[in-house]
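Written below as structure tokens is the structure these notes are about.
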Amino acid sequence: MRGRKAVGTAAGKDAYWHKKAERLSKSYAGGEATYAKWRKQVLDPWKGEPSDRGGRRLVYGSEDAARGSGEMPGVYPFTRGIYPNMYSGRPWTMRMFSGFGTPEDTNRRLRYLLQHGETGLSIAYDEPTLYGIDCDSDRAHGEIGKCGVNVTTLKDMEVIFNGIPLDKVSTSMTINAPAIIVFSMYVSVAAKNGVKPHQLSGTLQADILKEYIAQKEWFYPPEAHLRMIRDIMLYSVKNIPKWNYISVSGYHIREAGATALQELAFTLADGFYYVEQGIKAGLKVDDFAPRISFFFDSGMNMFEEIAKFRAARRIWATVMRERYGAMNPRSLKLRFHSQTSGYTLTWQQPLNNISRTALEALYAVLGGTQSLHTNSYDEALALPTDEAAKVALRTQQVIAEETGVVDVVDPLGGSHYLEELTDHMELQAYEYFDRIEREGGLLEAIKKGYLQREIADSAYARQRRLEENAEVMVGVNKYREEDERPINTLKIGVDAERIQLRRLGQVKRARNMGRVGRSLERLRKAMQSETENLVPHVMEAVQAYATIGEIVKVGRDVYGEWEEPKII
Amino acid sequence: MFMENGKNRKSSDRPIRVLLAKPAIDGHDRGVFVLARAFRDAGMEVIYPGLLPTPEEIVDIAVDEDVDVIAISLLNSSHMAVFRKLMALLRKRKATGIAVVGGGIIPEDDKPELERMGVTGNYGPGTPMSEIIAHIRKRAAQARAAKWKGR
């Protein structure tokens with residue numbers, strides 16, 4: 001799977017990460033000697049509690065900020081931001097993730113958002129859709145429309161986007177294992193409405209590696225899904241130039257228990273894997289890399305989060321240029337969406353979550369995010385109510401318009417501590433890349449469960465810290481209240497299931513079964529050939545109104561199932 | 001934990017055996033992984049059947065493995081449908097001696113109904129592991145006592 005030989009590394013593919021880490025560790029932590037001296041002369045004789053908390057020094061100095069001192073925004077390696085003007089030009093996109101119930105419910109919500117000036121849509125699908133299970137399957141019972149909108153056939157997508165000008169809006173779709181199917185449906189709905197592929201813009205999450213690592217939504221062994229991502233990539237590069245065909249996601253990795261460092265390292269490792277796959281598919285790196293986008297979590301530790309975003313940009317730019325020979329500045333710029341963290345929210349004293357989300361949103365902004373979703377305070381309990389979702393949106397508006405943080409680019413750049421932490425996380429990320437390489441490369445490491453176990457270890461360690469009060473969650477293990485009044489939460493009815501079953505029945509009666517069968521047979525043949533692009537074949541099947549489950553089944557017959565490695 | 005192999009061993013000395021599962025279409029397994037380790041560290045035997053088991057599969061495993069407790073994690077609002085099915089299947093298999101404990105995202109309003117069905121605990125995020133472990137021990141002891149009485 002390894003691509004071309006790295007530029008500037010004579011030792012070959014495997015040694016790149018190791019050498020990089022070694023070189024960085026030599027230049028790292030310039031202020032250590034000054035600190036040791038200060039500690040001996042000033043801190044130690046000081047009466048009181050001298051302590052270094054959480055593995056950090058008590059103070060950092062100018063020598064610690066040396067490495068980042070010459071950096072500026074809009075200039076390689078983009079540590080300080082990918083644009084020279086950042087938010088002074090325009091603020092980040094406030095992109096709120098929504099989707100629930102029936103396609104009609106979601107269509108109404110999307111039209112409402114558009115009427116109120118939104119141009120970026122972001123659609124959540126329900127669990128049966130994410131797992132490629134038809135709404136009339138026994139397994140889907142009780143789950144239709146609960147965590148997002150249900151899609152079983154093209155008909156549902158036609159209803160979701162009814163009356164929405166797909167040539168004018170950008171649509172983000174959080175869909176992974178069935179990405180090729182839902183993507184084909186989206187392009188097909190556009191075609192029916194007279195919109196050509198090259199007029200479309202939007203983002204498809206389609207990041208299957210993080211599914212094996214963290215969120216655990218897949219149908220087939222990794223190679224089969226990776227081939228489909230390759231096909232979406234090839235199709236998009238040729239036909240939909242404004243399409244972000246992948247959103248490499250750290251959010252789910254973090255939420256599964258990873259530390260900020262693990263999120264950084266594992267997500268970038270995934271990103272590099274997709275780059276190598278594109279090169280292997282015969283594309284020039286600068287032809288496809290500009291459309292790779294990222295999605296990160298923003299957690300509670302302020303400086304660690306901001307340093308993570310800065311380190312991510314620096315590493316991406318450096319590796320894209322050094323290792324993959326990218327020349328186009330757009331290939332080097334790491335663009336990312338961010339979302340405030342879900343695992344830091346509590347169901348105890350839920351109004352406190354407004355404070356948490358506001359802080360996390362601020363860190364994402366200080367870290368230079370391109371777009372942001374803020375969670376609602378009631379999300380540890382249920383899907384958000386309208387009122388809670390509005391507070392979450394207003395939180396972003398308060399940050400954008402009242403705090404002044406948008407006036408200056410990378411306003412914390414130059415902070416001794418932040419610069420040191422950026423360098424430190426960068427170094428530790430390379431050490432992780434090296435470890436992954438030693439595990440046999442990323443795919444092998446995932447198959448062995450290496451990354452999954454690292455994440456499970458971190459999740460357990462954090463839970464232990466909480467129980468030992470070594471880490472505080474306000475209202476959970478400190479400042480607890482006994483008799484809490486419950487807050488109102490959103491209830492989702494069972495109507496969605498009934499409506500979806502009825503619609504699927506109508507579709508099945510109306511469709512031409514001969515056409516469905518022929519399209520699925522052609523898809524099967526295409527799947528058996530390694531080189532054929534599957535997108536046109538999936539498109540033909542969805543246009544014949546084959547169901548998501550029928551299309552997934554063809555893949556299961558050809559590729560088989562995937563059983564995850566033992567983690568616990 | 002350090003017992004002689006089978007010799008003069010009372011059934012009640014056997015470590016508590018827990019089947020820990022997520023019987024919904026949902027892969028968010030952080031919670032079950034954390035609990036699996038916590039239960040093991042507390043001396044219990046944990047069986048984890050992997051992702052997406054059906055209620056039927058869970059009941060089969062629970063009966064075959066002679067577990068004391070089935071502990072279910074549900075985060076995606078499917079808890080009422082899933083628990084109803086699970087409890088009905090346990091009745092059908094005459095395995096109501098197995099205790100059922102729930103947790104995840106379960107609204108307050110649903111808890112009384114779940115308790116009536118015999119699903120206890122129903123813990124939300126942020127519950128200390130020690131509290132859940134104590135509850136599992138209690139339910140396991142009750143389940144064993146009921147089993148002995150029934151024989």
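Side notes on the structure shown:
- Too-long pairs where the Cα-Cα distance tops 22 Å, listed order kept, from A:196/A:242; A:155/A:196; B:94/B:149: none
- Solvent accessible area, Å² - residue A:75, 1.4 Å probe, full protein context: 80 Å²
- Ordered from largest to smallest accessible area (heavy atoms of protein chains, 1.4 Å probe), the residues A:286, A:386 come out as A:386, A:286.
- Cβ neighbours within 10 Å from other chains - mean over A:140-146: 5
- Peptide B:121-129 shows a mean partner chain C-beta count of 4 within 10 Å per residue C-beta.
- For segment A:500-538, the residues whose amide N sits under 14 Å from a probe point set 7 Å from the Cα of residue A:192 along the beta carbon direction are A:503-504, A:506-508, A:510-512.
- Packing-based order for B:64-72, A:159-167, using average beta carbon neighbours within 10 Å, highest first: B:64-72, A:159-167
- Area accessible to solvent at residue A:302, 1.4 Å probe radius, in Å²: 60 Å²
- Rounded to the nearest Hz, the phi-derived 3J(HN,Hα) couplings of segment A:121-127 under the Karplus curve 6.51 cos²θ - 1.76 cosθ + 1.60 (θ = phi - 60°) are 9, 9, 10, 9, 9, 7, 5, where x marks glycine and proline.
- Relative to its Kirkwood radius, the Cα radius of gyration of chain B gives an Rg/Rh of 0.95.
- Accessible heavy-atom area order of A:292, A:354, highest first, probe of 1.4 Å: A:354, A:292
- Taking every protein chain into account, the 1.4 Å probe leaves residue A:76 with about 70 Å² of accessible area, to the nearest ten.
- The share of Cα pairs per 10 Å bin across segment A:437-568, counted from zero up to the longest distance, runs 10, 19, 18, 22, 19, 11, 1 percent.
- Here segment A:367-473 is treated with +1 on each Lys and Arg Cβ and -1 on each Asp and Glu Cβ, and its dipole about the Cα centre works out to around 480 debye.
- Value at 222 nm in deg cm²/dmol, rounded to 500, when DSSP H runs of n ≥ 4 in chain B each add -39,500 (n - 2.57): -13500 deg cm²/dmol
- Computed from Cα atoms alone, the Kirkwood hydrodynamic radius reported for chain A is 24.9 Å.
- Cβ crowding within 10 Å averaged over residues, with A:144-156, A:198-210 ranked highest first: A:144-156, A:198-210
- The simple spin-label model puts a point 7 Å past each Cα toward its Cβ; for residue A:15 and residue A:468 those points are separated by 4.1 nm.
- Accessible area buried, both sides summed, chains A and B with 1.4 Å probe, Å²: 3100 Å²
- Calculated mean residue ellipticity, 222 nm, chain A: -14500 deg cm²/dmol, from DSSP H runs (n ≥ 4) at -39500 (n - 2.57) each, averaged per residue and rounded to 500.
- Only the Cβ atoms of Lys and Arg (+1) and of Asp and Glu (-1) were treated as charged; on that basis the dipole of segment A:416-568 about its Cα centre amounts to roughly 1660 debye.
- Mean per-residue shielding of peptide B:30-38 is 6, counting Cβ atoms of other chains within 10 Å of each Cβ.
- Three-way shape label, segment B:37-110, alpha-carbon gyration tensor, a/c 1.5: oblate
- Measure of compaction for segment A:189-336 (Cα Rg per 2.2 N^0.38 Å): 1.06
The values are calculated or read from the model by the stated rules, or taken from the named source; none is laboratory data. The model shown is predicted, which means the values in this text are computed figures rather than measured ones. Reconstructed Cβ throughout: ideal geometry from the backbone, glycine too, with neighbour counts over all protein chains shown. Heavy atoms of the whole protein, side chains included, go into the accessibility calculation; ligands, DNA and RNA do not. Shrake-Rupley method; radii C 1.70, N 1.55, O 1.52, S 1.80 Å.
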